[in-house]
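Colleague: Would you mind keeping the following structure in view while I ask a few things?
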Amino acid sequence: MIVIANVFQGIIFSVSLYQIIISLGGFKKRIEISGDYAPEKSFAILVAAHNEEMVIGPLLENLKQLDYPKDLYDVYIICDNCTDKTSQVAASYGVSAMERFDDKRKGKGFAVEWMLEHLWKRSRQVDAVIVFDADNLVSKNFLIEMNKKLLEGHRVIQSYFETKNPYDSWVTLSYAITYWFINRMWQQARHNWGMASTLAGTGMCIEAKLLKEMGWNSTSLTEDVEFTARCIGRGIYPTWASNAIVYDEKPITLASSVRQRLRWMRGHTDCARKYMKPLILKSLQTRKFAQFDAAMYLFQPIRFLFVAAVWVMSSLQLATPLYTQFDLLKMIPDWAWIGLNIVLFLQFPLVMLLERRPWKAYLGLILFPIFQFTWFPITLIGILTSKNKTWNHTKHTRAIKIEDLAG
């Protein structure tokens, strides 16, 4: 029992320390030089939509205004099992509204797979495919940045992930803080270290030739995690385009947030079960650190549970009169755990300073620990119910225009 407890402590502490060390790479924000890349690559923009008539209009208007030749990109709306007027709204903007009805194969992964099959049959072929969600907005330079990355030889690209509605509630502000951290201390850090980025499900660009070579085949509840793992397993490392921004609407209430994150944890656990061991073995064979790092990303749900277990154990140890009798179970001293947790939390306000976020954003740090704590039961339930592949739609209601964000 003591040996098992010590092994758990060692793994948790090592993985957490590993992430802190990697995060050091995010302190310096590498300046991306746009360069003189003339628009050359052609794009198919796929927008996954399920009953999104309330929010899809601003995105379609936004996409018409991108700073890129209009003859080099087409927009396709995947109206996936829609029962509202999503297809009519899409058609009114002059884009292709592709209606799909399938009661068994539900979810974004299946919808994208279906659309790609239709896309490859078209007479006009494209150089790359970009995937957005219907509630998104994007920076006007988005295609310019993707064109640049493709011309530089990159095959899979993830854009900067921003929250569209950070100040709607404490929940949306907690999401915003989380993604500011991910952008700087995860994506930017790995980019600076020369490691692979992770796809976020939206705002991602994939070379069409690569998609035809390996197929989409990412139909889990977290298709982005699955496709990332498949790419890295093949030695293809997604890169980071910090100058291209996608704005994503986040759930306003805690209840809707829990449902969304539970779906993420189920999908993430399912992908970890399928891809983590092969990635670890592949990293040992090839000695490629990026593949080992991808395996560590898949390990995150387990780490969440381990951290929760340590918090509970530490609290009990500190609260009980028999505290000194637990010394044998403490491979890592209390001061090390306390220091580790302080550093982990302080990274969030530090990122906000580095990213020059407005002072009102710091109010979110008051309730942010509560949001973080909710990850523990969500993760536990997600792991225990990971075989439940039922896709649940996150309702979007904020029809914000790109001009509103600029103001």
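The values are calculated or read from the model by the stated rules, or taken from the named source; none is laboratory data. Fair warning: this is a prediction, and the values are worked out from it, not measured in the lab. No Cβ is skipped: glycine too gets one built from the backbone with ideal geometry, and neighbour counts run over all protein chains shown. Each accessible area value is taken on the protein alone, full model and side chains, heavy atoms only, with ligands, DNA and RNA left out. Shrake-Rupley method; radii C 1.70, N 1.55, O 1.52, S 1.80 Å.
Colleague: Could you list, in sequence order, all residues of segment 164-180 that are open to solvent by 30 Å² or more (accessible area, probe 1.4 Å) and within 17 Å of R356 (Cα to Cα)?
Modeller: Within segment 164-180, Y167, Y179 qualify.
Colleague: Taking only segment 390-407 into account, find how many residues are part of a loop (DSSP other than H, G, I, E, B) and farther than 19 Å from I252 by Cα.
Modeller: Matching residues across segment 390-407 total 3.
Colleague: Still on this structure: Mind listing whichever residues of segment 52-88 are in contact with a Lys or Arg (Cβ under 8 Å, 6 or more places away or on another chain) and in contact (Cβ under 8 Å) with a residue 40 or more places away in the chain?
Modeller: V55, P58, E61, N62, Q65, L66, D67, L72, D74
Colleague: Residues being open to solvent by less than 100 Å² (accessible area, probe 1.4 Å) and either in a helix (DSSP H, G or I) or without any contact (Cβ under 8 Å) to a residue 12 or more places away in the chain (or both): count how many of those fall in segment 354-389.
Modeller: Qualifying residue count, segment 354-389: 21.
Colleague: Taking the conditions exactly as written (modelled with pLDDT of 95 or more and under 22 Å from the mean Cα position of the chain (by Cα)), does L66 satisfy them or not?
Modeller: Spelling it out, it is not the case that L66 is modelled with pLDDT of 95 or more and under 22 Å from the mean Cα position of the chain (by Cα).
Colleague: Here's something else I'd like to know. Has segment 214-226 got any residue that is among the acidic types (D, E) and surrounded by fewer than 21 Cβ atoms within 10 Å (Cβ to Cβ)?
Modeller: For segment 214-226, residues among the acidic types (D, E) and surrounded by fewer than 21 Cβ atoms within 10 Å (Cβ to Cβ): absent.
Colleague: Any chance segment 32-44 includes a residue that's in contact with a Ser or Thr (Cβ under 8 Å, 6 or more places away or on another chain) and under 26 Å from S139 (Cα atoms)? Give the derivation first.
Modeller: Within segment 32-44, the subset in contact with a Ser or Thr (Cβ under 8 Å, 6 or more places away or on another chain) is 32.
After this cut, where a residue has to be under 26 Å from S139 (Cα atoms) as well, the list is 32.
Within segment 32-44 (the criterion being in contact with a Ser or Thr (Cβ under 8 Å, 6 or more places away or on another chain) and under 26 Å from S139 (Cα atoms)), the answer is yes, since at least one residue qualifies.
Colleague: Among (1) touching a strand residue (DSSP E or B) at 6+ places or on another chain (Cβ under 7 Å); (2) at pLDDT 95 or above; (3) open to solvent by 10 Å² or more (accessible area, probe 1.4 Å), there is one condition M204 misses while meeting the rest; what is its number?
Modeller: (3)
Colleague: Something else now. With segment 76-186 as the region, which helices (runs of 4 or more DSSP H) entirely inside it contain at least 2 residues that are closer than 17 Å to L199 by Cα?
Modeller: The qualifying helices (runs of 4 or more DSSP H) are 108-120, 142-151, 170-181.
Colleague: Please count how many residues of segment 213-243 are within 15 Å of the chain's Cα centre (by Cα) and outside any loop (DSSP other than H, G, I, E, B).
Modeller: Adding up the residues that qualify gives 11.
Colleague: Under 6 Å by Cβ, and 6 or more places apart or on different chains, what pairs join a residue from segment 123-139 that is crowded, with 22+ Cβ neighbours inside 10 Å with one that is at pLDDT 95 or above and among the aromatic types (F, W, Y)?
Modeller: A128/F43; I130/F43; L137/Y247
Colleague: Are any residues in segment 149-162 over 12 Å from the mean Cα position of the chain (by Cα), open to solvent by 10 Å² or more (accessible area, probe 1.4 Å) and on the phi < 0 side of the Ramachandran plot, and if so, which ones?
Modeller: L150, L151, E152, H154, R155
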